[in-house]
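The values are calculated or read from the model by the stated rules, or taken from the named source; none is laboratory data. Every value quoted in this text rests on a predicted model; they were computed, and no experiment measured them. Reconstructed Cβ throughout: ideal geometry from the backbone, glycine too, with neighbour counts over all protein chains shown. Side chains included, ligands, DNA and RNA excluded: accessible areas come from the protein's heavy atoms. Shrake-Rupley method; radii C 1.70, N 1.55, O 1.52, S 1.80 Å.
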Amino acid sequence: MSRSKRKWDHIQYALETGQKRLTGFDDIKFVNQSLPGSNLDSVKIETKIGELSLSSPIFINAMTGGGGERTYRINRELAVAARETGSAIAVGSQMAALKDPDERRSYEVVREMHPDGIILANLGSEATVGQAKAAIDMLQADALQIHLNVVQELTMPEGDRNFEGALTRISEIQQSVGIPVIVKEVGFGISAETAAGLYSSGIRYVDVGGFGGTNFAEIENKRRNRLLTFFEDWGIPTAASIIETKSTSPELSVIASGGIQTSLDIVKALALGANGAAMAGYLLKTLMENGREDLIKEIHLLKEEITVIMTALGVHTIEELKNVPLVISGETHHWLEQRGID
Ligand code: FNR
């Protein structure tokens with residue numbers, strides 16, 4: 001199967017399988033504050049993620065590129081939406097463009113449309129230092145995402161089967177590129193053990209890519225005859241993955257992602273210790289079903305609602321959110337208790 005066909009299958013099946021809302025965010029409850037002492041006009045949603053300064057915590061996460069005209073158009077529309085809302089944006093894996101220069105334009109359009117924006121390059125952990133540098137140059141990227149997707153690869157008939165040496169390669173890239181390297185999952189969740197391994201190899205940015213939203217086991221199973229259905233329930237729900245990752249070190253900047261769909265999900269993720277929140281499937285669906293203008297409206301609305309929720313909680317900055325009281329119940333509580341993490 002051609003790479004271009006695979007890219008389009010991913011988009012189609014991501015839209016078809018949808019977002020499950022099994023993220024664990026429903027187990028997190030804020031505690032109402034009747035004397036918050038806050039003022040909506042003073043609420044600020046700028047955030048710092050390590051070296052990256054963002055006007056809002058919302059990222060458009062890695063999705064596509066390298067699938068010809070159709071992925072060119074999707075990336076162009078996502079980049080315009082990022083520009084109009086001041087959001088950071090990641091492109092999909094650039095390996096396609098490193099192997100076939102004709103595919104470069106479907107990635108380069110993101111920088112063309114969003115010349116002053118924060119743009120994240122993206123490659124898998126099989127990448128070499130040279131490939132990482134080329135991917136960054138292609139976009140004059142502000143940061144590089146390296147995705148880990150073992151379960152997706154194992155579910156894909158043509159996927160990788162050898163995962164040796166990934167941490168060493170990631171560490172070499174981190175030491176060579178001179179911009180933040182964000183290691184991310186794609187919907188199966190980063191564990192405390194993985195985060196600790198990354199941290200000791202010098203990584204300071206993790207995007208948890210938790211379970212509960214876009215499900216790449218389900219997407220890949222739709223593309224094959226022999227189904228590995230057991231992987232469809234496999235993964236660390238996003239809320240638990242944020243807490244697992246954050247427990248590794250206060251110096252780790254954490255981006256929450258995996259099934260994030262609402263402003264309340266975003267604020268809960270930030271209150272659990274994330275510095276930003278990234279969305280893929282939900283924004284793709286909004287774009288494909290309702291168009292670019294609705295996508296822009298939706299992101300503006302999410303930002304407005306974040307300030308409303310922060311006002312109710314009595315906080316004026318994203319940093320202060322980390323100290324608001326919350327209650328964790330249900331499966332997420334159970335998960336954290338068994339894992340010995342608070
Ligand atoms: C993705 N994702 C992804 N991630 C990555 O690092 N490189 C990639 O090339 C892709 N490709 C891709 C295609 C499509 C169509 C989707 C929907 C997603 C994964 C994405 O960045 C994110 O980690 C997961 O989708 C989980 O987040 P959501 O979708 O639940 O918000």
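Tabulated values for the structure
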{"read-out": "Residue in region 220-231 that is closer than 27 Å to R339 by Cα and either in contact with a Gly (Cβ under 7 Å, 6 or more places away or on another chain) or within 16 Å of the ligand (Cβ to nearest atom) (or both) present", "value": "yes"}
{"read-out": "Selection status of S4, away from the ligand (no atom under 12 Å from the Cβ) and not in a helix (DSSP H, G or I)", "value": "no"}
{"read-out": "Residue in region 305-319 that is within 20 Å of the chain's Cα centre (by Cα) and within 13 Å of the ligand (Cβ to nearest atom) present", "value": "no"}
{"read-out": "Of residues in region 234-252 being more than 14 Å from the ligand (Cβ to nearest atom), surrounded by 20 or more Cβ atoms within 10 Å (Cβ to Cβ) and not in a helix (DSSP H, G or I), the one modelled with the highest pLDDT", "value": "L252"}
{"read-out": "Test result for G86, at pLDDT 95 or above, open to solvent by less than 60 Å² (accessible area, probe 1.4 Å) and not basic (K, R)", "value": "yes"}
{"read-out": "Residue in region 276-284 that is without any contact (Cβ under 8 Å) to a residue 60 or more places away in the chain and crowded, with 21+ Cβ neighbours inside 10 Å present", "value": "no"}
{"read-out": "Residues of region 156-189 satisfying the condition of being touching a residue at least 40 places away in the same chain (Cβ under 8 Å), open to solvent by 60 Å² or more (accessible area, probe 1.4 Å) and part of a loop (DSSP other than H, G, I, E, B)", "value": "P157, E158"}
{"read-out": "Lone qualifier among L270, L336, L283, L264 - being touching a Pro at 6+ places or on another chain (Cβ under 7 Å) and either away from the ligand (no atom under 16 Å from the Cβ) or assigned to a helix (DSSP H, G or I) (or both)", "value": "L270"}
{"read-out": "Condition check for S56: polar (S, T, N, Q) and part of a loop (DSSP other than H, G, I, E, B)", "value": "yes"}
{"read-out": "Residue match in region 93-100 (condition: over 14 Å from G276 (Cβ atoms), of a type outside the set (A, V, I, L, M, F, W, C) and surrounded by fewer than 24 Cβ atoms within 10 Å (Cβ to Cβ))", "value": "yes"}
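Residue by residue, here is whether (1) in contact (Cβ under 8 Å) with a residue 12 or more places away in the chain; (2) crowded, with 23+ Cβ neighbours inside 10 Å; (3) within 11 Å of the ligand (Cβ to nearest atom) holds:
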residue	(1), (2), (3)
I58	yes, yes, no
N61	yes, yes, yes
E77	yes, no, no
E103	yes, yes, no
I118	yes, no, no
M138	yes, no, no
